[in-house]
Amino acid sequence: MEATYFFDPACPFTWRTSRWLVAVAGERDLTLRWRAFSLKILNGDSIPEQYRAASDASFRALRLVEALRADRREEVAAAFYTEIGTRVHDGGAALSDELVQEAAEAAGIEDAKAVLDDASWDDSVRESHEAALALAGPGIGSPVLHVEGAKRGLHGPIIGAVPEREEALAIWDAVEPLSRVDTFFEVKRGRG
């Protein structure tokens, strides 16, 4: 089975959900596809000043994610995201253009700077973002999960921490069938 994960590298909740999904993939024979979801596009001019540099760096990273997808290099896209997330969300580094470049190099991507700086990939990022909104929107954010064969995608799941194996599998075993129910659209509880 395949699942497509639309993500913005800047979002810490999206990072935790991705680690859950990666852990579950091996246990449930799941092939993961990585696609762009841009909080910069979603929020437009309403991004607070203190987050703009990270938002811009994240958008540049999404150019590379879409270029890798177009080149059918899903595993490299996954490694690139892992390098970013490990530095930013696990290590506490600020998401910056320099960090994105370092993550690309650590993932073994040659000539990444050319793609990171290539605005011609912006349309691919927008198309991916719009695809995620069409699958799970309106009124959603990052991440979006689409399970192969489901008509719609889901925003989330949003998790506070990466769960241990049994909980991780239980979440997947609940989310996967819910994603196939056309009349289902939301389960939510407050953070606490």
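So the values come out like this:
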{"quantity": "Trypsin sites (Lys or Arg not before Pro) within segment 41-75, DSSP loop, no more than 12 other Cβ atoms inside 10 Å", "calculated": "72"}
{"quantity": "Whether segment 1-45 is rounded, prolate or oblate, judged on the alpha carbon gyration tensor where a/c under 1.5 counts as rounded", "calculated": "oblate"}
{"quantity": "Net charge of neighbours whose Cβ lies under 14 Å from the Cβ of residue 98, counting Lys and Arg as +1 and Asp and Glu as -1", "calculated": "-3"}
{"quantity": "Low-density loop positions, GluC sites (Glu not before Pro), segment 8-111 - DSSP coil, at most 16 other Cβ in 10 Å", "calculated": "110"}
{"quantity": "Residues of type lysines that residue 151 reaches as a straight line, Cα spacing below 25 Å, ignoring anything fewer than 8 places off in the same chain", "calculated": "188"}
{"quantity": "Residues with amide H under 5 Å from that of residue 35, placed H, sequence gap 5 or more", "calculated": "5, 6, 7"}
{"quantity": "The chain - accessible surface per residue (Å², probe 1.4 Å)", "calculated": "52 Å²"}
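The values are calculated or read from the model by the stated rules, or taken from the named source; none is laboratory data. Keep in mind that this is a model prediction, so the values were computed, not measured. Every residue, glycine among them, receives a Cβ derived from its backbone with ideal geometry; neighbour counts consider all protein chains shown. Areas reflect the complete protein model, heavy atoms only, side chains present, ligands, DNA and RNA absent. Shrake-Rupley method; radii C 1.70, N 1.55, O 1.52, S 1.80 Å.
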